[in-house]
Each structure stands twice: as structure tokens, then as C-alpha cells.
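The values are calculated or read from the model by the stated rules, or taken from the named source; none is laboratory data. Fair warning: this is a prediction, and the values are worked out from it, not measured in the lab. All Cβ positions, even for glycine, are placed from backbone atoms using ideal geometry, and neighbour counts span all protein chains on display.
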Amino acid sequence: MSDKERALIAKTHEEFGTCLTAERLKFDFQQLGISPGMALLVHCSLSKIGWISGGPVTVIQVLLDLLGPDGTLIMPSHTANNSDPKYWENPSVPSEWFDIIRQSTPGYQSNITPTFNMGTLAETFRHWPGVLRSQHPQFSMIAIGKKAKFIIDKHYDSCGEQSPLARLYDCSDSGYVLLLGVQHKNNTSLHLAEYRFQSNDNIEKVFISGASILNSETNAREWSE
């Protein structure tokens, strides 16, 4: 057991008197207003919640149970490491590595490529039976439920009008965002608001990056910008 987990156990015991269970999470989520039929985008840091019996599997199962068969659970499955290394910070890499990284990074595959720095919950959800993942090589999203295909299909633009974020907004009667242990700086839905604000003010702000992809015709890896 790591020192980090020991500290989490101690913190949870001090705050709650016991570990967190599915029953406790269900009660708390219901108090937050989670209900059947929602299309729910979740951002989460499990370590900020507390020590949970069953870990991320418990959280996902509780959320799916509350959303029911008409609901949809969505999470980000971004892969920021599949990007142009010249823009990397904290840490950066030597400039002589740039071309090597561009030429050797495996092409994005929705069924294989792991999430990067998205947390244990999202990575666990990526492996969940029936989960669909969008095809964007850097800003992919994962979803399961009634509106999953509608939300993740045709993800041509990172966080703009042709993205799962826009499709979530289209679910105006049922689209919601749940932040668990994180703040709005982690709320990707705000990027759509930024995109729309720039568009409405006729501000052109173009950022050109790149990613390693698989060519759908040749099945060969290539760097695309």
C-alpha cells in the first residue's frame, strides 16, 4: 500500500468515520440531483472524494444505475501526449526529440490508445463493456447509454460545433456536467463556450498542432496537422 493511499484512508476515516460505499455515493449523487434520463458528463478526481470501497468500478456502477436505461454517461478520454512536442510544458522535452516523437508515436486507435492524465475513473470507464469512444486523436470522449452514439459520432473538431460537447448542449433538456473533486478549470464544456464566444465576436484564433493517426485507407501510421 502506498503512502498516498494510507493518507487517503486516514483522511476518509477522519472526515466520514468510515469508508465510502455504493449506498453512500448513491445518496449523495441523488442529493446533487442526478436522476434517470440525464446525459451526464463527469469530470472526477477520485482521490479528492475519499477512499471508496470498490474504487472506480463502484462509482461507475452507481452512476449508471441512477441514470437508468434512458440515460447516458460521458467522460473525457483525452490523449494530450499525442500532440506536437514543441508545445509541451511541465515537462518539456529537448528540441532534438521533436522529430523523433512525431515519427514514432503510435497512431491513435480508439479501442487501444489509453487516456493521458485523465484520472483512474476515466481510464476504468474506457474499458467498460459497451462504451463508445470518439475518433478525435487528442480530445476523444467516451460514452455509454441511449445517446452515446449521437454524442460521440463525427467528432471532427476538438471542442467546437462538431464535437461531443456541442452534442451534449444539444441535449438541452437532459445535458448536465458533474464535477467530482475538481473545479471548473477541469470542465471541458467551457471550451465550447469559448469557441462560440470567439465565433460570435468574429475573432479568428487558429492554433495548429498535430497528432499521430492511422490512415483509414492504408491503415498506416502518419503524422497529421
**Prompt:** Within the bounds of segment 190-201, is there any residue that is at negative phi, in contact (Cβ under 8 Å) with a residue 40 or more places away in the chain and surrounded by 15 or more Cβ atoms within 10 Å (Cβ to Cβ)?
**Reply:** no
**Fill in**
Pairing a residue in segment 10-36 that is in contact (Cβ under 8 Å) with a residue 12 or more places away in the chain and under 11 Å from Leu66 (Cα atoms) with any residue that is part of a helix (DSSP H, G or I) and among the hydroxyl-bearing types (Ser, Thr, Tyr), where Cβ atoms lie under 7 Å and the two sit 6 or more apart in sequence or on different chains, gives Leu25/Thr58
**Asked** Which one is surrounded by the most Cβ atoms within 10 Å (Cβ to Cβ), of the residues in segment 124-160 that are farther than 23 Å from Ser174 by Cα and either among the polar types (S, T, N, Q) or touching a residue at least 60 places away in the same chain (Cβ under 8 Å) (or both)?
**Response** Pro137
**Request:** Tell me, yes or no, whether segment 74-91 has at least one residue that is under 30 Å from Gln30 (Cα atoms), of a type in the set (A, V, I, L, M, F, W, C) and in contact with a helix residue (DSSP H, G or I) (Cβ under 8 Å, 6 or more places away or on another chain).
**Result:** yes
**Request:** Could you look through segment 84-123, keep only residues that are part of a helix (DSSP H, G or I) and in contact with a Gly (Cβ under 8 Å, 6 or more places away or on another chain), and pick out the one that is surrounded by the most Cβ atoms within 10 Å (Cβ to Cβ)?
**Result:** Arg102
**Request:** Would you point out the residue of segment 141-161, among those that are in contact with a Phe, Trp or Tyr (Cβ under 8 Å, 6 or more places away or on another chain) and assigned to a loop (DSSP other than H, G, I, E, B), that is nearest to His43 (Cα to Cα)?
**Result:** Cys159
**Message:** Out of the helices (runs of 4 or more DSSP H) lying entirely within segment 22-77, which hold 3 or more residues that are out of contact with any strand residue (DSSP E or B) (no Cβ under 9 Å at 6 or more places or on another chain) and at pLDDT 95 or above?
**Reply:** 22-32, 55-67
